[in-house]
C-alpha cells in the first residue's frame, strides 16, 4: 500500500468519527483526495460517494426522532431534498474543472465559516419561541441547502440544523431530521455521480469502509470527548485548508 493511500484511509477513518461526533469530516477527506492526485471536482465527487453509506446509517439511527417542520410534512421535505440534491449534482457536473478549482477555496471558506458559526456563535431557539420562518420559507431554504449539498456539501448539516430550528423544530428532532434529509439529498446526487462519472471503485471502497468504521468509533466516543476541543480542531483544519487552497489558486 502506498503512503498516499494510507493517508486516505486514515483520513477517511478519522472523518467518519468526526462526522458522528460533530461533523466537518470533509475537511479531512477533501485534502486527502487532493493529495492522492485527484482534481478538486473529482475529489469532491469521490468523497461524496464514499461517505454516503455512513450518511445513510447515521440518518437511519435517528428515525424515531424525525419530525415535520413549519407545517411541512416529512414527505414534502424528503421530495425537496431529493430534487435539490439532484440539481446540485447536475450543476457540479456542468461546472468545468478549471472553474470549480477556482471556486473551491471560497466554498471551503464558506463551509468553515458556517461550521464555526454553528458551533460557537449560533444561539439555539428557545422552546417557547415562535418559528422564525414560514412554511414557504422553510421549503425554499431546504431546497437551496440541498442544492448546495449536491454541489459541495461542506457545512450542510449546520445549515439544515439552523433552518429546521428556525422553522420551529426542537433541537433534538432537528438533529435527527437533518441527518435523514442530508442522506436523501445525498442519495440523488450520488446516484447521478455514479451514473455520469468515472472514479476509482477500489479507492471508494477503502474510503467507505474506513469511514464507516470511524463512524462506529465516533458513536462510542460521543459522550466521552470534549465537543468544544473537537470543534476547535475542525475549524482550525478548515482555516488551514482554506489558506492552502487560496495560496495554490
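With neighbours defined as other Cβ atoms within 10 Å of a residue's Cβ, the residues 26, 134 order from fewest to most as 134, 26.
Show that you can apply the helix-only estimate: for the chain, add -39,500 (n - 2.57) for every DSSP H stretch of four or more residues, divide by all residues, and state [θ] at 222 nm to the nearest 500.
On the way: 10 runs with 189 residues, N = 249.
When only DSSP H runs of four or more count, the value is -26000 deg cm²/dmol.
Rounded to the nearest 10 degrees, the inclination of helix 3-21 to the longest alpha-carbon principal axis of the chain is 10 degrees.
For the stretch 3-248, the equivalent ellipsoid built from the Cα gyration tensor has semi-axes of 27, 20, 17 Å, listed from largest to smallest.
Summarising the label geometry, the points placed 7 Å from Cα in the beta-carbon direction at residue 2 and residue 121 lie 4.0 nm from one another. Counted by neighbouring Cβ atoms within 10 Å, the residues 180, 203 run from fewest to most as 203, 180. Cβ crowding within 10 Å, taken as a proxy for footprinting-reagent exposure, orders 121, 144, 193 from fewest neighbours to most as 121, 144, 193.
Please give the helix 171-196 orientation as an angle from the longest Cα principal axis of the chain, in degrees from 0 to 90, rounded to the nearest 10. The answer is roughly 40 degrees. Angle of helix 26-35 to the longest C-alpha principal axis of the chain, folded into 0 to 90 degrees and rounded to 10: 20°.
Here, each number is a calculation from the coordinates, and none is a lab measurement. Just so it is clear, the structure is predicted and the values come from calculations on it, not from any experiment. Cβ atoms come from the backbone with ideal geometry, glycine included; neighbour counts cover every protein chain shown.
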